[in-house]
Structure formats: C-alpha cells, structure tokens
There are 2 protein chains.
Amino acid sequence: MKLSADEIVRLLLALAVLVASARLLGEIARKFNQPAVIGELLAGLLLGPTVLGRYAPEAMQFLFLTGHVPVVLDGFSTLAICLFLLVAGMEVDLSTMFRQGKLAIGVGLSSMILPFALGFGLAGLIGPAWLGGGPNADSLLFALFMAVALSISALPVIAKTLLDLDMYRSELGMVIVAAAIFNDLVGWIIFAVVLSLMAGGGHHRFEITQTIGLTLGFAAFMLTIGRWLIHWLLPWLQAHLSWPGGVLGVAMTLTLAGAAFTEWIGVHAIFGSFLVGVALGDSHHLRERTRSTIDQFVSFIFAPIFFASIGLKVDFVGDFNGLLVAFVLIVSCVGKVMGAGYSAYKLGMPPKEAWAVGFGLNARGAMEIILGLLALQAGLINSQMFVALVIMALVTSMIAGPLMQRTLRRKKPKPFTDYVGARSFIPDLKASDREAAIIELVPVSGAQGVPLDEVALEVIARERMTPTGLGMSLALPHARIEGLKAPQVAVGISRQGLDFDAKDGEPAHIIVLILTPASDTTLSLELYREVVHRFKDPELRERLLKVRNYTEFLALLASAPGMKSATHMTTMISAPAMATRVRSLFKE
Amino acid sequence: MKLSADEIVRLLLALAVLVASARLLGEIARKFNQPAVIGELLAGLLLGPTVLGRYAPEAMQFLFLTGHVPVVLDGFSTLAICLFLLVAGMEVDLSTMFRQGKLAIGVGLSSMILPFALGFGLAGLIGPAWLGGGPNADSLLFALFMAVALSISALPVIAKTLLDLDMYRSELGMVIVAAAIFNDLVGWIIFAVVLSLMAGGGHHRFEITQTIGLTLGFAAFMLTIGRWLIHWLLPWLQAHLSWPGGVLGVAMTLTLAGAAFTEWIGVHAIFGSFLVGVALGDSHHLRERTRSTIDQFVSFIFAPIFFASIGLKVDFVGDFNGLLVAFVLIVSCVGKVMGAGYSAYKLGMPPKEAWAVGFGLNARGAMEIILGLLALQAGLINSQMFVALVIMALVTSMIAGPLMQRTLRRKKPKPFTDYVGARSFIPDLKASDREAAIIELVPVSGAQGVPLDEVALEVIARERMTPTGLGMSLALPHARIEGLKAPQVAVGISRQGLDFDAKDGEPAHIIVLILTPASDTTLSLELYREVVHRFKDPELRERLLKVRNYTEFLALLASAPGMKSATHMTTMISAPAMATRVRSLFKE
C-alpha cells in the first residue's frame, strides 16, 4: 500500500504545521519560564477539534483526517511517544537514587502513600460512573488507576525548577530528585500492571497472570541484567562502530524492540522504551554527545509532534467539566503536598524545606498527560477525566516553581545578558584608551536617576585603584552606584584592544561595564563571576571580535559552551534536555 | 483511523528489524571501506522479495505487508528520504563551488556533456521499450531521464574518497568536489523538469509550463532570496530560541514545508527538502552542533530505514537483466570517465590528474539510487532498469577510490590505532623509570624478525640522546629499526607517571612506543605527528588514565574530539556525516 501524491502533500503539510506551531508556542511558554509542553499542547488544541475543528472543520479535515494521513500520523505519534519515553527513561538516574539512600526512598515511598490512598479510596468510593470512568472501567482497576495518576511526579519539571532556584546540587535538591525518580519508577510499574490486568481481559493473547509476570519480569531484567549487559557492551560498540552514530543505531534498535515486546505482551509500547532508556542512560559509558543527539531530536521534533497531536484527539472545551477538574486538582494537590511534605518533615527536615519538598513533588508534567492518554485509549477513563488530568498536570507543574521559591525565599538568579540591551552593546568601540572606553559605555548602560558623569568618574576612580583587565582579552570595569535602582551592564568590543593593565600584558578587546546599586552587595559579585565564566572559552572570545550587532552577540552567547553554566540553563533548557546538561555540569 | 495493538507490534518490530540489519550491514560495508549504503541496501534485499520473500514469504508478509503497516512504513520512508535530501543539500557548499570558479564549473559542465549526450542519444535511439522503460515512459522523457541518470555524480562518495587519499584539501580535490557539486545541482534541476513534464500529463493540477515555471522559480528563489533570508534569520533564531533545538525545529519545519510545496506542484517532495538543505547549509551562522545533530540522526536512523526499504520493493534476483546491467555500466563509465577526464585535461591538468578527476566523478552513490527510485515510481523505468541503475551506482562508487589511488599512486594513510593491538596496550605499566617502561613496551610491540633486546637498546639510546617527553603527560619513545618489516606501536599507561624529561617538568603518564622500518622515513614522522594530535585534548588524557582495557582505550579514542583529524575520518565517517566533519576541519 502506498501513499498517493496528494496524501504525501497533506502528510508533509500536517507535520510541518504541527512542528511549527508546537515549537512556536513551546518557545513562548518557555519565555514565561513554563514547561514547553504547555505550549505544545496548546498548539494541538488550536489545530484540533477545540478550535480549528469548531470554526473551520474543513481545514482540520483536509490537514489531518483524510485518506491514509491519520493512520500514518498515528504511527508517527506512536514512535514519537516511544522515543520520548526513551529520553525520560535516560533521565532516571538510578545511581542518584541509590546514593541518596534511605531519605530519598523514604520520602519517595511515603510521599506516594497518601495520594495513592486518597486516589484509591475516593475513586473506589465514588466509582467510575460518577468520576469520568471510560467504557472498559471496572471499579477496582479504575480506582487503581486514579491512585497511580495522583501519586506520580514529573521528574523533568522538578529538576528544572530546582535548577531555576540554583538548588539542584543542594542536598535538598538531590533528595527531591531522588524521590521523584523513585515515584516515577514505581508509579509506572504499577500502571503497567493495571494495563496488564485490562489487557488480560482484552485480546487474550496471554492470561492476566502471564502478562503481569512478563511485565514485572521484563522490568526486573532490564533494571539488572539488561542494564549490566548494555553497560558492558557500550565500550565495545563505541570502539568498533562508527561514532557517535553507531551507538545511536543500537539505542534505536533496542528501543523499538523493547517497545514491540511490551506492546506484544499486552501492556503498552512505551514501557519497553522507558525501561530501555533507564538501562541505557544509567551507563556512564554512554557519551555525552550520543545522549544529547537523541535528546535534542526527541525534545525538539518528536515530543512537539506527539504533544500537539494529543490536542488533535480531544475537544478541550466540549469535554471540560468544571466540577471534575476542581475535584482532581484539589485531591491531587492535597494528597501529594501533604504526603510528601509530612514524610519529609518526619524524616527530619526543617518545616520550611519539608513544605518545599511537597510543592516540588506535586508537579506532574508530561508524564501525567501520557498516563492519562493511555488510560483514555484503553477505555479506562473518558475524555472529561482526561481533560481534568491534563489540566491538573499543567497547573501543578506551573505552580511548583513559584511555591517553592516563596517557601524558601529564594530568588531566581538572572543571567547577565538580561541586563544588556540592544542599546547597551557597542560592537565597535571608538575609544583608544580605557578611560575613554568607560566614558563611551556609561551613557549606553541604561543607568537612570543618577548623573552619568559622576557614574563615569566613579568607575574610572575604581579602575585607577584596581585595574580590571583580567587577561583573556577581557576587562570588567565596575562600580556600585548610590541611587541606582537596578543593575546595568554594557558591553563594548574594541577591535584595536585597550590596555586595562592585565596580568598577561595583553590588551582587552571585550569590555564589560557593570553597574550595581550600592545597596546590593552580592549581586555585583555574582555578575562579575558569571561574566568571567561566560567568556572563558577562547573560541567564543575570538568569534566575539567578529560580531557585528546585538543579535549576533546574543546568538553567539546562547550557543557557546559557557551556556552550560547553571545560571543560564534556566532560560534555555527543555524539560528532557535538562538531564543531559545537568550531567555535563557535574563533569565540569 | 488508528493502528490496532497488533499493528503497533508489527510496525515497531519492522522498524527494529530494518534499523538493526541496515546498521549492521552498513557497519560491515564500512569496515571494508565501502559506503554504508551498500550494506543498507543489502539488508533490504535480505528482508525483501529477493531473499526473505523467496524462502519465507509468510515472515515477510507478517512483518511488512499486513494491515496498515505498509502504508505507515511508506510514510516513514517518505519522511526519511526528505530528511536524507536535506542533509545532502546541506553538503552542497555553494561557496566552495564559486571559489573554485572557472575550472570547477568548466570541469563540472563539460564532464556532464559527454555522458548526457551518450545517455540521451543511445536511449533515444534504442527507445524505452527495449531499454527498460516503464509504463508511462514516452521516448523523449525516457531519453532525457537516462541522460541525467548517466551524468550525475555522488558528492559524498567522492568527498570520502578524497579524504581517504588525504587529498580533500588539495587543489585537485577541491576542483573535483566543486565539479561534483555543480553536477549534482544541475542534474537534479534537470530531473525535476523531467518529472514536471510527466506530472503535467499526470494529475493536471497545473499545466506543464506552470509546473516547470514553479519548479525553476522555487529553485531560483531558494538559491538566492531564500538562502539570504535564512542566513539573515539564523542569528536571531539562535539568540531567541532554545539552543540548539530551536534551530532544529525551524530546519524541520522548512524542510517539511518545502517538501510539501514541491510535491504539490507536481515534482517530488525531495526537491523541496534538497533546496532547503542547500539554502540552510550555506549559512555560516548554522552552528556545528545543529548540523551534526541533524546529520547523525538522519545518517544513522532515517537513511538506513530508507535504503533498506528500497530492497523491500524490488526483487533484485528476479529483475536482474545481465545485458541491461552491462550496458548501463559500460555506457555510464565510458561517458563519465572520458567526459570528465578529457575536459579536465583540456582545462590544463596533467594527464594523470585528469584521469583521476574522471574516475572520481564517475562515482554515482546514493543519489543515483534515489533518482532511479523516483523514476521507477513515476513509471518512467521498469524494475529491471532500476536494478541496473542500482548496480551501476554501487559499482561506480566502489571502484572510484581504488582507481584514483592507482592513478595517483597514493596510499591511504593508516591511523596509528591500526598498529596497536589488544596485546600491545598495557593499561598499567609497572615500570618506575623511562628505560624500564621502554623495556616493558618493546616485547609487546609486535616487532618480528628483529632481536627485541637490540630494538630496546636502540630506543633507549635515542631516548638518551633526545628525550621524548612532550609535556601534556605524553612521551613518545621511538626508533627506526633496520630489518623491521612493518611499523609497530605499543601504548602503555603509567599511573604513577614517569620522568621523560618533558619541558613542562611534568611526568609522562601516556607512553607511546613507535617503531618504524629504517627504510621508511616519512612514516615515522606521520605517526609521531598523528599521536600528538590525537592526544591533544586534556579531557581525553585525563579519561585515558582511567581506562582498564584495550576496548575502553579504543572506545575513548574513537569518541574523542581528536577524531576530527583528517587521517582518521577515513575509517569512521558515513558519506553524509562527512561534510560536517570536513567543515569542522577547515575551522581548526
């Protein structure tokens, strides 16, 4: 069977529209420091029955629903979700979990008990008929599913929040991450069992007990022998296959084979790819570049297609049930925040930090959405419950960061580029000595409410006292200014090079002027440190000298190796891209 | 329309089998220094009607031909070929072509004339009925197609051959590459016109003249304004989107949209993605990492799926027509070698180099296969002609390297790791001084036919005369040995560090013993230089100290940044991965 020319046109167009809109809205979501998945879902919602289908049904029909296009798109999104779960699995760092030991597993386990019990109890009590059960929902399975749905956590969202607060490497951060890993792993395995219980009744390839046995057996195998085999094989593969693509092919083959196996035994393809991801990601032989190639392609191509295509399937307005949404939202938040917070407190954490753990683990993210989708497809829940779960996932993810930040009274550090505008970047300084450079930079710095001449004199005085030429052709004249409201940074590039009295005797080509309010003592130091860190790479500095405008300057900084700096990840990373970068951070 | 659970199992399994077998055979092809595409095609041949279909038709039926699986696979391979052409387009470096100027365009143009005329003349004379024309072949279009099929060249194969011979950066190399780029570009545009002529008669969306006009118009737009727009947009995108994934999403959107457009106007989707690739790849703002992420994923996942799936469509034994194969092979080789060689000679090259140009441009590679497939699908040729074209493509690609090598009497340099075996790597040297280390390494070096004690003495004597500690914790004791047949290298890691009198005063941890035959004066220097280059990266050296066995040692070197060394690319790179690396070479 082949696609007709007309179907090819529509298939390519549909994919182009999905990728473009999902990526665009995903980027916008991130600009507001929200997970990209929110924007990606919204794209699907705009293109699907919720909006486009309502106002221009023939356009939706033409793009997504005619001929063989829908079935091919379904094939694509199946593959996309398998790959997404591969990446999610690769983020599950078993050794982090074990290293955190008792506390992590304690918090992980006990943070699941309350929401699990709440979900199970309430769903059992109310029953699927009243609570958005699907056509195949029996009361026990439905209650079990709701229990799992309320008790999982979203590792990527949590990790990103911690990074934003510069707490990822703190002990508190590691406990939260390890507990989330534990949550994820246990939640998914229970859900796999729920699905096997349903499948046993479904297409009868295996008895229920066989399906459960095969599921747990496969999980146990991949987490022990499979993991060990992969770890042992990787060096040989890297030595003898083309690099890095050889390992890429092997990872793909394993993912597809694992997915086919779990789908065959009657659970769902994604369990196989998730477990392959866990086994693969755990090996420290897997090199950074392979990891990030998979990660980039999946996060920026496959995941957007998948999440947007969810929106194509459900009418979020027609299936919105306010009561159900409120119920799910309240029960999930109460269960998780209380459960996790209380257990952290009981395990010896101070109250404030314990609350933070609760708020952190409350984020559900993309995983909840995938869980809901599978349950919807299996007929375990109906579209109204699915919509409620999606909204719960998004809301819990969005509030996790702000709530943790409030509880811990931490501020998200801003990258220094946030203080540099198009006007405060001079690609070609005219100055021929350092004082002239300072005089050239001060007026464009954007300092307001203070006399600029005095600011310049202040900076020059400081510069005379302690010259700020750092070597590496970098100079950082700076001053704390009385009456300045907000920090200001200006960057100038001097093609000829200016003498800033650097120890290496070389002239400075990159002049970064830093002005901070006199009251703020820590900020100036942070900015100073960050600038030095960002310009450490010699190749970056060389390229910087060729930059012709502000946009090129930003582009260069955004794509430089220095980007790995923790402070900067906050504005840039996607949820699944995060683990990769975090790992690379630890290596630095 | 949705896939059933059963179809998902078979789809995932089919993809797993395709990727695994194509990658495996692709790797084997490369071990014999042949393009991976040969192995990938062979995998399809084994899984398709040629072998599996002949001996176990029900297995082939189960995997690839039941339910919705074939149509989804068709969708995948359509996407795969579009992405492959995107990468191929990114390799077309217009500035290289322009830089080489008259000579390149001269050779490029005149090397096309003879094969084009031969193909057109003979195919026109004999006619489609006798020469494997398809059901829709009219004589003029068939003759035009054969003319194009015989006159294109395969840039990736050619570039790889040149790299193998260490000639990529020579003037001769650049002329050949530029001529091949020119061939490619002109050939594809003519072919697009042939397809538009057919489509015009086909589904009547446009008049023939409209289709041709739109095709040429789109090509002209993408090569000028489109290219310029992309170049101008990229810095902005890199500055404001997530990096590197943001640009990835944009590249994907453009590719899909371009492909949809050209398919819509009635040529084929791949022209759109090819032209987008040319426009995108030409911008020096496109950063290395984005390029290589696309490249790796396409070369190692999508391309294998696509080429293997070609084998699924055709019975290579049943459709093998010896006479046709011989005819196509002879006409194509005579036309191209003579045409390109003579024109190079006329343009002032010495005869030997002119022959080399001819042999080089004779390689047809993957592009010919894609061209043939499109013609087969359009009903322009029949399966027998398709098989003949595939065989011609493979044979011309395989003989190009050896023939150039012979003509120019150049040898392919071997990487130093080729001289280091499992036995000649000592992960933990016992020696506590440099002479003991030499005595420890000489016996494992594999030197034969010479007394080992004298070899050791020779090396020690040399070491005393000029110490070989280079700093960077690297020492390279070496000697030219009378009577030694082949070069021998042994590598030892000293955990404690040995004093080799390095200028930086630091002890050496990595000891590389190099023994070369006394007769060979250049080789020792080459090896020496290469080793230094390979160990330049500080991170690599640090990791090396933790290596526990030979496999880990090889894995580490294979995945190190030093891999970009020209000498080493030869054994590792895939055809499309090449351009990326070549570009990075020029940047070093």
Ascending list, in nanometres, of distances separating the A:LEU109 label from those of the other copies (7 Å, Cα toward Cβ): 8.0
Inter-label distance, nm, simple model (7 Å from Cα along the C-beta direction), A:ALA436/A:GLU207: 9.1 nm
Kirkwood Rh, Cα atoms: Rg over Rh of region A:247-318: 1.07
Integer Hz, Karplus 6.51/-1.76/1.60 couplings in order for region B:231-239, x for Gly and Pro: 4, 7, 7, 3, x, 4, 4, 5, 6
Sequence-distant residues sharing a close amide H with B:ALA508 (under 5 Å, placed H): B:LEU498, B:ASP499, B:PHE500
Taking A:PHE320, A:PHE359 and counting other C-beta atoms within 10 Å, the order from fewest to most: A:PHE320, A:PHE359
Other-chain or far-sequence residues with amide H under 5 Å of A:ILE381's (modelled H): A:GLY134, A:LEU376
Loop-located trypsin sites (Lys or Arg not before Pro) in region A:326-426 whose Cβ has at most 13 other Cβ within 10 Å (DSSP): A:ARG409, A:LYS411, A:ARG423
Efficiency of FRET between A:GLN61 and B:ASP6 - r from beta-carbon atoms, R0 22 angstrom, step 0.05: 0.20
Region A:342-405 versus region B:328-378: alpha-carbon centroid distance in Å: 62 Å
Distance histogram for region B:69-408 (every C-alpha pair counted, 10 angstrom bins, percent rounded to whole numbers): 6, 26, 35, 26, 7, 1
Three-way shape call for region B:213-255 based on the alpha-carbon gyration tensor, with the a/c threshold at 1.5: oblate
Charge dipole (debye, nearest 20) of chain B; +1 at Cβ of Lys and Arg, -1 at Cβ of Asp and Glu: 560 debye
B:HIS478 long-range amide H proximity, modeled H, under 5 Å: B:ILE514
Copies compared at B:TYR55 - label distances in nm, ascending, label defined 7 Å from Cα in the Cβ direction: 6.1
Per-residue HN-Hα couplings for region A:450-458 [Karplus 6.51, -1.76, 1.60; θ = phi - 60°; Hz; x = Gly/Pro]: 9, x, 5, 5, 5, 4, 4, 4, 4
Average partner coverage of B:259-271, which counts Cβ from other chains inside 10 Å: 4
D (Stokes-Einstein, µm²/s), Kirkwood Cα radius, region A:37-129, 1.567 mPa s at 4 °C: 73 µm²/s
Longest to shortest principal axis, alpha-carbon extents of region A:131-210, angstrom: 50, 30, 15
The protein assembly as shown shape via C-alpha gyration tensor axes, a/c threshold 1.5: rounded
Principal axis dimensions, largest first and in whole angstrom, of chain A by Cα: 83, 63, 56
Per DSSP, loop GluC sites (Glu not before Pro) in region B:380-489 with at most 14 further Cβ within 10 Å: B:GLU482
Prolate/oblate/rounded label for region A:129-269 (Cα gyration tensor, a/c 1.5): oblate
Mean separation of Cα contacts under 8 Å, 6 or more apart, over the residue count of chain B: relative contact order %: 18 percent
Calculated from backbone phi, Karplus (6.51, -1.76, 1.60) coupling profile of region B:168-185 in Hz, x at Gly/Pro: 4, 8, 6, 5, 4, x, 5, 5, 4, 4, 5, 5, 5, 4, 4, 3, 3, 4
Value at 222 nm in deg cm²/dmol, rounded to 500, when DSSP H runs of n ≥ 4 in chain B each add -39,500 (n - 2.57): -22000 deg cm²/dmol
Zero-based 10 Å bins, Cα pair distances in region A:420-469, whole percents: 25, 53, 22, 0
Distances in nm from B:GLY322 to the matching label points in the other copies, shortest first (labels 7 Å along Cα to Cβ): 8.3
Sequence of B:SER95, A:SER343, B:SER524 once ranked by neighbouring C-beta atoms within 10 Å, starting from the fewest: B:SER95, B:SER524, A:SER343
Neighbour-count order for A:HIS533, B:HIS68, A:HIS268, fewest beta carbons within 10 angstrom listed first: A:HIS533, B:HIS68, A:HIS268
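Throughout, read-outs are computed from the coordinates displayed, never taken from laboratory work. As the structure is a computational prediction, the values presented were derived from the model and not from experiment. Neighbour counts run over all protein chains shown; Cβ positions are idealised from the backbone, glycine included.
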